[in-house]
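The values are calculated or read from the model by the stated rules, or taken from the named source; none is laboratory data. Only a predicted model underlies this, so the values are computations on that prediction, with no experimental measurement involved. With ideal geometry, Cβ positions are generated from the backbone for all residues, glycine too; neighbour counts draw on all protein chains shown. The accessibility values were calculated without ligands, DNA or RNA, using every heavy atom of the protein model including side chains. Shrake-Rupley method; radii C 1.70, N 1.55, O 1.52, S 1.80 Å.
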Amino acid sequence: MELCRLQSPVLTMAPGEKIKAKIKKNLPVRGPQAPTIKDLMHWYCLNTNTHGCRRIVVSRGRLRRLLWIAFTLTAVALIIWQCALLVFSFYTVSVSIKVHFQKLDFPAVTICNINPYKYSAVSDLLTDLDSETKQALLSLYGVKDVPDGTARKRREAGSVRSAWEGTPSRFFKLIPLLVFNENEKGKARDFFTGRKRKISGKIIHKASNVMHVHESKKLVGFQLCSNYTSDCATYTFSSGINAIQEWYKLHYMNIMAQVPLEKKINMSYSAEELLVTCFFDGMSCDARNFTLFHHPMYGNCYTFNNKENATILSTSMGGSEHGLQVILYINEDEYNPFLVSSTGAKVLIHQQNEYPFIEDVGTEIETAMSTSIGMHLTESFKLSEPYSQCTEDGSDVPVTNIYNAAYSLQICLYSCFQTKMVEKCGCAQYSQPLPPAANYCNYQQHPSWMYCYYQLYQAFVREELGCQTVCKQSCNFKEWTLTTSLAQWPSEASEKWLLNVLTWDQSQQINKKLNKTDLAKLLIFYKDLNQRSIMESPANSIEMLLSNFGGQLGLWMSCSVVCVIEIIEVFFIDFFSIIARRQWQKAKDWWARRQTPPSTEIPSSQQGQDNPALDTDDDLPTFTSAMRLPPAPKVTVPGTPPPRYNTLRLDSAFSSQLTDTQLNNEF
């Protein structure tokens, strides 16, 4: 009974439990019960869902194992870094918002008098042109300096016409002024000779910029021809003001194009004459703070806070008291009566490295008025290709920049037109800078340049020159939104003493008593220091694309970057490695068969006979299947020899065993 109690628990287990216990005993201890850290990590790497750790253990080869260790550690470092950034962003952005103000650079300010040159200095060059213009006004409209009456106008007009017919008129011969009547198609009257002439070729009508209450049946224009040929173009205007000014302007540019630059600078206004007083940010300034810029159509202009200055001025406060304040001397007595029809100055706000297109986007300020211009800065940053067709610096635009300034769309368009002008007409247009190795157009060297210029300009407006196609907008630019207000200046109460003081201050430059129609006050300032920046950013970046891919793979396949690397390793590297290994083995076998000569020996006969039915198979034969095996052909199955009976001996193996009936003496 005691022997039964002391029996091993293993012997009492069921057969299935014995097998499980035996397998568990032979396997090493895993999991938290592992005896060493190495065994614990080995168990973790084999049982975790983290793909990188598992590939470290199961990868074959030291190189692959090292690569998987590097991939896994890199992924862990990126996770820690991104999580740290998220935590830092959560605790900084959500706690407080910091608002700070900074100084803004004050823009460059270019100021020009509307009248480019003092009339007293340039009148000698324009004497003949002005005389013919006066005669044209008198002949067409009966305009005189001092009109007295209709009868006297007619008498004086007739006397002037009779006197004029005997004098040479080279300007009217070059560009004849014509009067068109709507009732007479294809004909026009030459007001100089009074004769009617037939008009052939293209007639281009330019609308007036002056509003009329009623439409006139008469049109005024002029005709331009190519080298005195029949190839002509006629330009008509609904207003005589535009016709006379356009006609005068063409001759004016031809005359001034032949004057040296130094002489033109001397004929225009100096900085000391134009600038009466100057203040910036509460500090006094003078002509030394302005840089000369000579414009072909506006004469001497002066730029404040230009790039040539040692430092770019800035302001730390908004308001009119912290901006630029200047008083300008316009000097209306020196105005050219035919070139300009308004009085005042033009001002342009731009960047320091930007060319001032004063004729296109300049703001006019009036005399006897105080003009306040409040600014608000907007800075734009656009993305270049493939997001837009803008350019960073114009280096990728096939147009040579003829301006000494940074690239802009206007610079590109004007440079393109000026280059085409030199190519087609052989000379450059006067109002734009000169390209290399080119000269300005004039009658002596290029008699038909005006016809070529007008034809080329019409093609430019119709976008036939290709300039609008090749020129691109700049990606980065600054724009100042302007708010303009006017006030009468000086007031009636302060007019007397203020004009007397200014006359005394400018006594060295001006030899007359100033009146308010000669002066204009200008204030330019930041309304506030809030700078608005417009920045373009790609809607689909590489980071966003990877995030979207990661989100979809993680949502539908529970896949990560390490999992993707594992897929690449298995389905690409290993897949092609196996194919390459098999192809290499086939090539080796083919080469070996080709190098081995064919055997001519006859195979030896079989030394024994085998039963083909007894070939080894994967499955071991059973007794039933063995009994069904067919006998080998022509094989005699050997019989069993009889036993040797003399060798048989009966010995009891249990001779010392007690019989069942024998009792022990102890009982």
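For residue 312 and residue 528, calculate 0.36 nm times their separation in residues minus their Cα-Cα distance, and state this gained length in nm to one decimal.
Values: separation 216, 0.36 × 216 = 77.76 nm, distance 1.90 nm.
Extra length available between residue 312 and residue 528 comes to 75.9 nm.
I'd like to check one number: the per residue accessible area of region 221-309, probe 1.4 Å, reported in Å² as a whole number. List each step's numbers first, then the result.
On the way: 3530 Å² over 89 residues.
Roughly 40 Å² per residue, with all protein chains present.
With the cut-off at 1.5 for a/c, could you classify region 513-575 from its C-alpha gyration tensor as rounded, prolate or oblate? Mind dumping the intermediate values first?
Working: a/c = 9.06, a/b = 5.46, b/c = 1.66.
Prolate is the answer for region 513-575, as a/c is 1.5 or above and a/b outweighs b/c.
Over region 439-490, give the accessible area per residue in Å² for a 1.4 Å probe, as an integer. Mind dumping the intermediate values first?
Numbers: 2760 Å² over 52 residues.
On a per-residue basis, 53 Å².
Using the per-residue mean of other Cβ atoms lying within 10 Å as a proxy for protection, in what order, highest first, do the peptides 580-587, 231-238 fall?
On the way: 580-587: 10.0, 231-238: 19.0.
Ranking the peptides 580-587, 231-238 by packing returns 231-238, 580-587.
Expressed as a whole percentage, what fraction of the accessible surface of region 312-351 belongs to carbon and sulfur atoms when a 1.4 Å probe is rolled over the protein heavy atoms? Mind showing how you got there, number by number?
Numbers: 650 of 1450 Å².
That fraction is 45 percent.
For region 466-513, give the percent of accessible area contributed by carbon and sulfur heavy atoms, probe 1.4 Å, rounded to a whole number.
On the way: 1680 of 3260 Å².
Accessible surface attributable to carbon and sulfur in region 466-513 totals 51 percent.
Before I look further, what does region 343-404 give for accessible area per residue, probe 1.4 Å, in whole square angstrom? Please report the intermediate quantities before stating the final value.
On the way: 2670 Å² over 62 residues.
Ligands and nucleic acids excluded, the result is 43 Å² per residue.
Carbon-plus-sulfur fraction of the accessible area of region 229-309, 1.4 Å probe, in percent? Mind dumping the intermediate values first?
Working: 1610 of 3170 Å².
For region 229-309, the apolar C and S fraction of the accessible surface comes to 51 percent.
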